[in-house]
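Here is the structure we will look at.
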There are 2 protein chains.
Amino acid sequence: MMITLTYRIETPGSVDAMAEKIASDQSTGTFVPVPGETQELKARVAARVLAIRPLPDAPSPSWPEAPAGHGISHRAEADIAFPLDAIGTDLSALMTIAVGGIFSIRGMTGLRVVDLKLPEAYRGVYPGPQFGLAGSRKLTGVYDRPIIGTIVKPALGLRPQETAELVGELIQSGVDFIKDDEKLMSPVYSPLKERVAAIMPKILDHEQKTGKKVMYAFGISHTDPDEMMRNHDLVLKAGGNCAVVNINSIGMGGMAFVRKRSGLALHAHRNGWDVLTRHPGIGFDFKVWQQFWRLLGVDQFQINGIGVKYWEPDESFVESFKAVTTPLFDTSDCALPVAGSGQWGGQAPETYHRTGRTTDLLYLCGGGIVSHPGGPAAGVHAVQQAWQAAVADIPLETYAEDHPELAASLKKFGKGE
Amino acid sequence: MMITLTYRIETPGSVDAMAEKIASDQSTGTFVPVPGETQELKARVAARVLAIRPLPDAPSPSWPEAPAGHGISHRAEADIAFPLDAIGTDLSALMTIAVGGIFSIRGMTGLRVVDLKLPEAYRGVYPGPQFGLAGSRKLTGVYDRPIIGTIVKPALGLRPQETAELVGELIQSGVDFIKDDEKLMSPVYSPLKERVAAIMPKILDHEQKTGKKVMYAFGISHTDPDEMMRNHDLVLKAGGNCAVVNINSIGMGGMAFVRKRSGLALHAHRNGWDVLTRHPGIGFDFKVWQQFWRLLGVDQFQINGIGVKYWEPDESFVESFKAVTTPLFDTSDCALPVAGSGQWGGQAPETYHRTGRTTDLLYLCGGGIVSHPGGPAAGVHAVQQAWQAAVADIPLETYAEDHPELAASLKKFGKGE
């Protein structure tokens, strides 16, 4: 059984030699032959280059360190297979062996991991999402449309009572999901304990009165996994059902630890991810990287959206959406995609059409809901209306003719976004 | 009290506007003004741009996504201060707030975090190194020269008994430190438990006979912190005193968890780091990134060396050496620098002279020791002789005249390295 990775190699030299070097360095290789290296041993663990597919040359090197006289870099995609026995099923071993060292190889001018195929041996080894799409729908009671969410803003600075006041208004708006900004964890002006104590009674009171329990994602991330679990327990004991985890900041260890003990839906914010993917010749495709985090147990995965305020192009979001909703082993390991950043409903039609005409997502609007001219309730209505229009293939402008909230959103947010 | 970061900004637009955008986005900002944003609140948590120092324009963008007609990117270093209250002392909050989101900002064509100054409030919050230089010297009994280490090769594939046989030879060589290759953790052909059981009796037997306890760093990394602690305990209970941790693979959570409970010197391998630093316009300077890991408790920090087989230039190693040996708060938070990759003694003089004429390091030679023509013992002698020559300011060639092991190393490794 093999673990297969695809690397996009860029080098002024030979792409074949670089592919062989990856295979050698990341399994049995060293800089001089040493005693004890036998053919039998190599067969046990050596990685093999399965295929090399040439790509057009790169006009300039991704890493600007090419030797003098080498402006042009050759490129190719190389499939390299690692024997399962060489790595096993530990994700930190996989990351170390098949990925960790490769970016240090001299003579490359760019390297990107663009695919990863895990063998059956990984099935069932990791917990995967505990809630995912089905669990998130059940917890929110929203089945026939996207789960609509919003974010408490400003990102930082509100005290627990100030946050709770805003949350009280947002709950009344009919929104399904509210989250702390990912930058809000447990600072001195808003300790998580106090924030939970201020917010959860409002959530539970609203549930008591209406039957609708708004899912609130509290920022529980902490460097220390023990402390993160205490944060988790605070939320769970207060009746909460969701938490924001900053997966890159806590790392695979933090994520594995919390998932093992978690009773909350884990909403992953991937801040820091861009540095690993923004340069197209360096780093990772999301398709690869998200596999680690889904196996570790991400329930809801933030993946930007259409027309975001960030650098990421729409096409990249569409691919990410496909990635997190494509089973690794079966559908239970899919994460709920979360579309966010600058969303207000205007992107609903394109989101719907480019992601396979599905409403199985969490659609997250910050200012698009709370800054609606008619207030947050009108903002939520407008977003729901935009999705109704998208599903019915009715242009937003047409649908807005007898949906005044959507009309107001179009007027306010529809220009220049 | 403030946390100050320095960002090297690259943009076809205004560097001042981008600096302001970092400060705003990473604290109070959002894409449209929202209710509840007051001046008082902003004062509580808003980041401030302290200084902007222009740099020469970049001839081409680091991220190749500049808008059409913008080939030239302006550059500057910007110091931005975050109020301590906005972040607190949690490193995952620091990473999320001051670093995480910045790489996503549209309109940048490059961004690198080049400095981080932590305030006094961080003093004593994290455990820092448990052993570091002093502890590593005490455990190895080596005081008056570099601790000389070697690595069991090939990286992958040896069964525990095969590894133990090699280790038995290496112990006899007089080496001070031996480590598993960072890619070796606990695969099916060499479960850690069996490897420890095969190796530690040899270490302890040698100690019994000679009084010299060779420090062996076992690969204990695992995605699951609980499992990593079980690995740690195996090593500790068998009389071991050191472990290799793949810090990027386990993440800050894994590192914090193991350090809290650790009785072993933690030898950090930074595989994966290169992707965050190799492009000079993107990512992090090591000076910034290593602060996180030292606070979390790295005792021994691998930082490459002079004339390595990887892409990293010597100057970068020299700066890394300075970084890990410069106190954050006091000398107890310094890590022991580990120079490795392609080392054989030939780099001793330059290493010594460029790092402030110190022998306070772990000098790690793989093939340079085990592939010495006279065997590993001669290899160790040669490396020690190279360091004696370096400290005495005697050219290696001169010193080799009456030091045959060094002469043999020069002959074998001295060409084309």
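Can you list residues whose amide H is under 5 Å from A:Gly110's amide H, if they're 5+ apart or on another chain and H is modeled 1.01 Å from N?
Hits under the 5 Å cutoff: A:Glu10, A:Trp63.
Students often forget the sequence filter, so: which aspartates and glutamates lie under 19 Å Cα-Cα from B:Lys209 once same-chain residues fewer than 8 apart are removed?
Those aspartates and glutamates meeting the cut-off are B:Glu165, B:Glu169, B:Asp176.
List, by residue number, every residue in the range B:149-185 with a reduction of 40 Å² or greater in accessible area between the chain on its own and the complete protein assembly, 1.4 Å probe.
B:Lys153, B:Pro154, B:Leu156, B:Gly157, B:Arg159, B:Lys183, B:Met185
Once phi is turned into θ = phi - 60°, what whole-Hz ³J(HN,Hα) does the Karplus curve with 6.51, -1.76 and 1.60 give for every residue of the range A:213-223, x standing for Gly and Pro?
For the range A:213-223, the Karplus curve yields 9, 6, 7, 10, 9, 8, x, 9, 4, 7, 4 Hz.
Calculate how large, on average over all directions, the projected area of the Cα convex hull of the protein assembly as shown is; give the answer in nm² to one decimal.
Over all viewing directions, the protein assembly as shown projects a mean Cα-hull area of 33.4 nm².
To the nearest µm²/s, what D does Stokes-Einstein give for the range A:132-413 at 37 °C and 0.692 mPa s, using the Kirkwood radius over alpha carbon pairs as Rh?
D, rounded to a whole number, is 174 µm²/s.
Using modelled amide H (1.01 Å from N, peptide plane; none on Pro or chain starts), what sits under 5 Å from the amide H of B:Leu116, excluding residues fewer than 5 places away?
Answer set, sorted by chain and number: B:Thr6.
Taking the Cα centre of the range B:132-413 as origin and charging only Cβ (+1 Lys, Arg; -1 Asp, Glu), how large is the dipole, in debye to the nearest 20?
With Lys and Arg at +1 and Asp and Glu at -1, about 560 debye.
Starting from the amide H of A:Ile3, placed 1.01 Å from N in the peptide plane, find each other amide H under 5 Å away whose residue is 5 or more places distant or on another chain.
A:Phe82, A:Leu84
Evaluate Rg over Rh across the range A:324-365, taking Cα atoms for both radii and Kirkwood's formula for Rh.
So for the range A:324-365, dividing Rg by the Kirkwood Rh gives 1.02.
Note every residue of the range A:240-263 with a reduction of at least 10 square angstrom in accessible area, all protein chains present versus the isolated chain, computed with a 1.4 Å probe, or write none.
At a threshold of 10 Å² (probe 1.4 Å), the residues of the range A:240-263 that become less exposed are A:Ser249, A:Ile250, A:Gly251, A:Met252, A:Gly253, A:Ala256, A:Phe257, A:Lys260, A:Arg261.
For the range B:345-357, just list the computed ³J(HN,Hα) in residue order, Karplus coefficients 6.51, -1.76 and 1.60, θ = phi - 60°, integers in Hz, with x standing in for Gly and Pro.
So the Karplus estimates, Gly and Pro as x, are x, x, 8, 4, x, 5, 4, 4, 6, 8, 10, x, 6 Hz.
Given that compact globular proteins tend to follow 2.2 N^0.38 Å, what is the ratio of the alpha-carbon Rg of the range B:198-294 to that value?
1.27
I want to verify a result. In a Gaussian network model of chain A, Cα cutoff 10 Å, which of these has the top mean-square fluctuation: A:Ile394, A:Ile306, A:Ile151?
Of the options given, A:Ile394 has the highest mean-square fluctuation.
Given the rule -39500 (n - 2.57) for each run of at least 4 DSSP H residues, summed and divided by the residues of chain B, what is its mean residue ellipticity at 222 nm, to the nearest 500 deg cm²/dmol?
Taking each H run of at least 4 residues, the total per residue is -11000 deg cm²/dmol.
For the A and B pair, go ahead and give the buried accessible area with a 1.4 Å probe, both sides summed, in Å² to 100.
The buried area between A and B, both sides summed, comes to about 7400 Å².
For chain A, report the accessible area per residue in Å² (1.4 Å probe, heavy atoms, rounded to an integer).
Value for chain A: 34 Å² per residue.
What ratio of Cα Rg to 2.2 N^0.38 Å holds for the range A:5-154?
In units of the globular-protein estimate, the range A:5-154 measures up at 1.41.
Just the accessible area for A:Asp90, please: 1.4 Å probe, Å², rounded to the nearest 10?
Using a 1.4 Å probe on the heavy atoms, I get roughly 20 Å².
Please give me, ordered by residue number, the trypsin sites (Lys or Arg not before Pro) of the range B:98-206 that lie in loop per DSSP and have at most 16 other Cβ atoms within 10 Å.
In loop regions of the range B:98-206 (DSSP not H, G, I, E or B), the sparsely surrounded trypsin sites (Lys or Arg not before Pro) are B:Arg106, B:Arg123.
How many percent of the alpha carbon pairs in the range A:236-334 exceed a separation of 21 Å?
The proportion of pairs with Cα distances above 21 Å equals 35 percent.
Just to confirm the filter: which trypsin sites (Lys or Arg not before Pro) across the range A:319-405 are DSSP coil and have at most 15 other Cβ within 10 angstrom of their Cβ?
A:Arg357
Need the C-alpha centroid separation for the range A:257-326 versus the range A:167-202, integer Å.
For the range A:257-326 versus the range A:167-202, the Cα centre distance is 24 Å.
Would you work out what percent of the accessible area of the protein assembly as shown, with all protein chains in place, is carbon or sulfur (probe 1.4 Å)?
Exposed carbon and sulfur together represent 54 percent of the surface.
With every protein chain present, what accessible area does A:Val338 have (1.4 Å probe, heavy atoms only), rounded to the nearest 10 Å²?
0 Å²
Looking at B:Tyr216, B:Ser173, B:Val196, which one has the Cα that reaches farthest to the positive end of the dipole of the range B:150-254 (charges on Cβ: Lys, Arg +1; Asp, Glu -1)?
B:Ser173
Using the Karplus curve 6.51 cos²θ - 1.76 cosθ + 1.60 with θ = phi - 60°, work out ³J(HN,Hα) for each residue of the range A:80-92 in order, rounded to whole Hz, and write x for Gly and Pro.
Per residue, the Karplus-derived 3J(HN,Hα) values read 10, 9, 9, x, 3, 4, 6, 10, x, 10, 7, 5, 5 Hz.
The values are calculated or read from the model by the stated rules, or taken from the named source; none is laboratory data. Quick caveat, the model's predicted, so the values are computed rather than measured. Every residue, glycine among them, receives a Cβ derived from its backbone with ideal geometry; neighbour counts consider all protein chains shown. Only protein heavy atoms, including side chains, enter the accessible area calculation; ligands, DNA and RNA are left aside. Shrake-Rupley method; radii C 1.70, N 1.55, O 1.52, S 1.80 Å.
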